[in-house]
Ligand SMILES: Cc1cc2nc3c(=O)[nH]c(=O)nc-3n(C[C@H](O)[C@H](O)[C@H](O)COP(=O)(O)OP(=O)(O)OC[C@H]3O[C@@H](n4cnc5c(N)ncnc54)[C@H](O)[C@@H]3O)c2cc1C
């Protein structure tokens, strides 16, 4: 079974030192939105050579695609397996775990830009689009946003989608509105979904994706929304008003295989769910650490509160949640090493459990701290507000339940 190695532990320690030095002093500024997450993200990437690591992987893939395009015979569909894949997956999630102990919002902003936006272009973009947009996102020169949700379409993202793309000569004209878009207020590159309108009834239209620059004429945005938590992750609305783009902006630069856009977006949800498990581990661990410390030092009725069985029960349940979430992560990493990825139902089960466990642990952490837990000065207050969205974005709890049930019932 895959376990954290000594090297992983050392790397985690280094990320934690970074968080203590570069993030902890700014927690309040990040949570009150006086500070944007991007400069810290850039510092992190620079200090740990993360861009170089991601760009190295990117170049390998591009090189393969170019050789294939030049007619060279390369083994097709070969799944990546082995210890390198395991190491790469582990190394990718260690910063997510550590950063989530402090600012899960920053992880959300980073994950949407590097994971979802660059990931979507790498999976469905043309070679030219990959070369044009992806290196800048991976090096954080530009910030990405991934926009599917609309005011009237969330869980039923494609079914109720109203944004349209009409063909006009060799151009597309985009109209519509997107909401709850992470990085929306600041993004330089936006992957945006719309339904291709060739005159068919709405329900028959197929989804298409476009890659837009943030300053494209006709694309406007709202300021960041005020929200319950994740304040270090700016969320906003995007408006498309007669946005005219050429085919070079159409994801993949082709109108063939449009039905694949749905499955591509589903793949993206799968990645998002793995990311949520790593965030959950960081948040749960942080709450547990803070609670154990508090239970040792806080005294009531002449005893430390850790001596009360009801407090012990809370700590024990947090420790069980921590162990379960960690096991889910370790299993997923191990599967990736075997060239397998979790089924949609498995990913849904993991996301459902991790999100619910995080919410429960964070609320219990507030409770364990009593009145102090309700005060912004105590970190559990921020984590409890941040945790709620894990049950909403990347597919709500209810949607995960229905996906699990579908796999059981057929
Ligand atoms: C902070 C934040 C960041 C986000 N970032 C992004 C982003 O970067 N890009 C993006 O595209 N979107 C983003 N989203 C949107 C997010 O993915 C949606 O909010 C989510 O999918 C739910 O959609 P909805 O809000 O429209 O709720 P709805 O779909 O309207 O759901 C309302 C309620 O009905 C329930 N429900 C819906 N359908 C069913 C069903 N079939 N069975 C049972 N119950 C059901 C839901 O579970 C929920 O409880 C973000 C959201 C938030 C809050």
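The values are calculated or read from the model by the stated rules, or taken from the named source; none is laboratory data. None of these values were measured; they are calculated from a predicted model. Don't worry about glycine lacking a Cβ; one is built from the backbone with ideal geometry, like all the others, and counts go over all protein chains shown.
Couple of notes before you dig in:
- Segment 1-22 residues that are in a helix (DSSP H, G or I), paired with ones that are exposed (fewer than 14 other Cβ atoms within 10 Å of the Cβ) (beta carbon under 8 Å, 6 or more apart): 18/47
- Looking only at residues in segment 190-201 that are in contact (Cβ under 8 Å) with a residue 12 or more places away in the chain and away from the ligand (no atom under 16 Å from the Cβ), the one that is nearest to residue 254 (Cα to Cα) is 196.
- Residues (within 16 Å of the ligand (Cβ to nearest atom) and either closer than 14 Å to residue 283 by Cα or buried (at least 19 other Cβ atoms within 10 Å of the Cβ) (or both)) located in segment 363-392: 382, 383, 384, 385, 386, 387, 388, 389, 390, 391
- Cross-chain or 6+ apart pairs with Cβ under 7 Å, segment 367-381 first and under 14 Å from residue 103 (Cα atoms), then surrounded by fewer than 19 Cβ atoms within 10 Å (Cβ to Cβ): 378/372; 381/374; 381/375
- Close pairs from segment 386-410: first assigned by TED's automatic domain parsing to the domain that holds residue 363, partner within 7 Å of the ligand (Cβ to nearest atom), Cβ under 7 Å, at least 6 apart: 386/230; 389/230; 391/397; 396/155; 399/155
- When segment 177-189 is limited to residues that are part of a strand (DSSP E or B) and either within 11 Å of the ligand (Cβ to nearest atom) or out of contact with any strand residue (DSSP E or B) (no Cβ under 8 Å at 6 or more places or on another chain) (or both), the one that is farthest from residue 226 (Cα to Cα) turns out to be 178.
- Filter result for residue 409 (within 15 Å of the ligand (Cβ to nearest atom), buried (at least 22 other Cβ atoms within 10 Å of the Cβ) and within 21 Å of residue 351 (Cα to Cα)): no
Condition check ((1) surrounded by 23 or more Cβ atoms within 10 Å (Cβ to Cβ); (2) under 21 Å from the mean Cα position of the chain (by Cα); (3) not in a loop (DSSP other than H, G, I, E, B)) across all residues:
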| residue | (1), (2), (3) |
| --- | --- |
| 157 | no, yes, no |
| 162 | no, no, no |
| 191 | yes, yes, yes |
| 199 | no, no, no |
| 228 | no, yes, no |
| 236 | no, yes, yes |
| 240 | yes, no, yes |
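- All helices (runs of 4 or more DSSP H) inside segment 84-149 with 3 or more residues being surrounded by fewer than 24 Cβ atoms within 10 Å (Cβ to Cβ) and away from the ligand (no atom under 12 Å from the Cβ): 118-124, 127-138
- The set of residues from segment 156-176 being without any contact (Cβ under 8 Å) to a residue 12 or more places away in the chain and within 16 Å of the ligand (Cβ to nearest atom) comprises 156, 160.
- Exclusive hit being over 26 Å from residue 408 (Cα atoms) and in contact with a helix residue (DSSP H, G or I) (Cβ under 6 Å, 6 or more places away or on another chain), set 352, 288, 310, 336: 288
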